[in-house]
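Step one of this worksheet: look at the structure below.
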């Protein structure tokens, strides 16, 4: 289904990003995995994609908040793979705290990685997509960006920003056959949500349980293949934000 396509996935060494990498590889895509710190985990995901699906994969260390570093990253991926057809912006961090006591640094760091990082990747991949007359941009947002969450003003602002960015980019690039969509996960069982399984928040999920990274990967895979969907936000949240 995705044979001949190259997918660039940020935050691809674990959790949702790793599940997305394996899902797209299973559909025939070659995969460039971007990570920030854990080279061993990133290499393990690459190895699994090669062994199980025969994908051409490489791992790249990059701070997605660094505009110049992302420019070099995209150039290197293009040199190694020849092109980029699918961009999945998944890298993200949390620095939770109540707004009354939140440090400026915690707000800035979350916005820099979660929102500016998405801009940086889109900005530097757009030239490739324009020359290809097509491409798929898939941004991982969050239901927190739709409904808010106490103690996560910085995270919610960054994810709401991703939704606005997604819709604006979709409008700009649609005439060249480039789609831009977002996936908004709810409470997904990853390292970021450890300890929430028995919390009141998890109990409020209409389907009664947290989701898995593979649930999100399935939505990403759909958008990677869908040619007539753009500017959309797909919730993968068990119904909590409906």
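The values are calculated or read from the model by the stated rules, or taken from the named source; none is laboratory data. Small disclaimer: the values here were computed from a predicted structure and weren't measured. Glycine also receives a Cβ, built like all others from the backbone with ideal geometry; neighbour counts cover every protein chain displayed.
Of the residues that make up the range 87-97, is at least one at pLDDT 95 or above, farther than 27 Å from residue 153 by Cβ and under 18 Å from the mean Cα position of the chain (by Cα)? Yes, some residue in the range 87-97 is at pLDDT 95 or above, farther than 27 Å from residue 153 by Cβ and under 18 Å from the mean Cα position of the chain (by Cα). Evaluated against (1) in contact (Cβ under 8 Å) with a residue 24 or more places away in the chain; (2) surrounded by fewer than 20 Cβ atoms within 10 Å (Cβ to Cβ); (3) part of a helix (DSSP H, G or I); (4) out of contact with any helix residue (DSSP H, G or I) (no Cβ under 8 Å at 6 or more places or on another chain), residue 150 falls short on exactly one condition, (3). Of all residues in the range 91-107, those being closer than 23 Å to residue 167 by Cα and surrounded by fewer than 17 Cβ atoms within 10 Å (Cβ to Cβ) number 0. Contact map, the range 45-60: residues that are free of Cβ contacts under 8 Å to residues at least 12 places away in the same chain paired with residues that are in a helix (DSSP H, G or I) and surrounded by 14 or more Cβ atoms within 10 Å (Cβ to Cβ), Cβ distance under 9 Å, separation 6+ or inter-chain. Pairs shown: 50/25; 54/25.
Taking the range 24-42, which residues are assigned to a helix (DSSP H, G or I) and within 21 Å of residue 78 (Cβ to Cβ)? Listed by number, the residues that qualify are 24, 25, 42.
Checked against the criterion of being on the phi < 0 side of the Ramachandran plot, free of Cβ contacts under 8 Å to residues at least 40 places away in the same chain and buried (at least 19 other Cβ atoms within 10 Å of the Cβ), the candidates 31, 20 yield just one match: 31.
Residues that are touching a strand residue (DSSP E or B) at 6+ places or on another chain (Cβ under 9 Å) and surrounded by fewer than 18 Cβ atoms within 10 Å (Cβ to Cβ) were ranked within the range 69-88; the one that is nearest to residue 110 (Cα to Cα) is 76. Looking for something exposed (fewer than 15 other Cβ atoms within 10 Å of the Cβ), under 16 Å from the mean Cα position of the chain (by Cα), outside any loop (DSSP other than H, G, I, E, B) and touching a residue at least 60 places away in the same chain (Cβ under 8 Å) - is there at least one such residue anywhere in the range 173-191? Taking every residue of the range 173-191 in turn, at least one turns out to be exposed (fewer than 15 other Cβ atoms within 10 Å of the Cβ), under 16 Å from the mean Cα position of the chain (by Cα), outside any loop (DSSP other than H, G, I, E, B) and touching a residue at least 60 places away in the same chain (Cβ under 8 Å).
Residues in the range 83-105: is at least one over 19 Å from residue 216 (Cβ atoms), touching a helix residue (DSSP H, G or I) at 6+ places or on another chain (Cβ under 8 Å) and part of a helix (DSSP H, G or I)? Within the range 83-105, none of the residues are over 19 Å from residue 216 (Cβ atoms), touching a helix residue (DSSP H, G or I) at 6+ places or on another chain (Cβ under 8 Å) and part of a helix (DSSP H, G or I).
Of all residues in the range 193-211, one or more are in contact with a strand residue (DSSP E or B) (Cβ under 7 Å, 6 or more places away or on another chain), touching a residue at least 12 places away in the same chain (Cβ under 8 Å) and in a strand (DSSP E or B).
Among the residues of the range 51-68, how many are surrounded by fewer than 16 Cβ atoms within 10 Å (Cβ to Cβ) and either part of a helix (DSSP H, G or I) or modelled with pLDDT under 95 (or both)? Final tally of qualifying residues: 4. Does residue 117 satisfy being within 18 Å of residue 178 (Cα to Cα), in a helix (DSSP H, G or I) and either free of Cβ contacts under 8 Å to residues at least 40 places away in the same chain or within 15 Å of the chain's Cα centre (by Cα) (or both)? No. Please verify whether the range 126-142 includes one or more residues that are surrounded by fewer than 16 Cβ atoms within 10 Å (Cβ to Cβ), in contact with a helix residue (DSSP H, G or I) (Cβ under 7 Å, 6 or more places away or on another chain), assigned to a loop (DSSP other than H, G, I, E, B) and touching a residue at least 12 places away in the same chain (Cβ under 8 Å). So far as the range 126-142 goes, yes, one or more of its residues are surrounded by fewer than 16 Cβ atoms within 10 Å (Cβ to Cβ), in contact with a helix residue (DSSP H, G or I) (Cβ under 7 Å, 6 or more places away or on another chain), assigned to a loop (DSSP other than H, G, I, E, B) and touching a residue at least 12 places away in the same chain (Cβ under 8 Å).
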